[in-house]
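Single-structure report; data block below.
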Amino acid sequence: MEIIFTNHSQIRIEERGISLLRIRETIKKPDKKAISYLVTTKASKKYGNKTLEVVFRQNHGKVVVITAYYL
């Protein structure tokens, strides 16, 4: 599965200090997964006392990451 990052997501991921490995792991093996807004999906995975949420859409077999953040 190819994972593509939008410019917005790259900026936010860097600002928030989120590891790309954790983002990939959250997308591939989430604790929870739900439809977020029409065509986007939100995957959540707990890391220690924080939960990482990754919002993405699937497009022709590719995953396009829109944003990621810790709760």
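Quick notes on this one:
- With every protein chain in place, the chain: carbon and sulfur % of accessible area (1.4 Å): 51
- Selection of chymotrypsin sites (Phe, Trp or Tyr not before Pro), the chain, meeting DSSP coil and at most 10 other Cβ within 10 Å: Tyr37
- Area of Arg12 that stays accessible when all protein chains are in place (1.4 Å probe, Å², to 10): 70
- GNM result for the chain, Cα springs below 10 Å: residue of Thr26, Thr41, Thr51 fluctuating most strongly: Thr51
- Helical content of the chain, expressed as a calculated mean residue ellipticity at 222 nm, amounts to -7500 deg cm²/dmol (DSSP H runs of 4 or more residues, -39,500 (n - 2.57) each, divided by residue number, nearest 500).
- Simple Cβ-charge dipole of the stretch 4-51, Lys/Arg +1 and Asp/Glu -1, about Cα centre, in debye nearest 20: 260
- Annotation: per residue accessible area for the chain equals 67 Å², rounded to a whole number [probe 1.4 Å, protein chains only].
The values are calculated or read from the model by the stated rules, or taken from the named source; none is laboratory data. Computed from a prediction, not measured in an experiment: that's the story for all the values here. With ideal geometry, Cβ positions are generated from the backbone for all residues, glycine too; neighbour counts draw on all protein chains shown. What goes into the accessible areas is simple: the full protein's heavy atoms, side chains included, and nothing from ligands, DNA or RNA. Shrake-Rupley method; radii C 1.70, N 1.55, O 1.52, S 1.80 Å.
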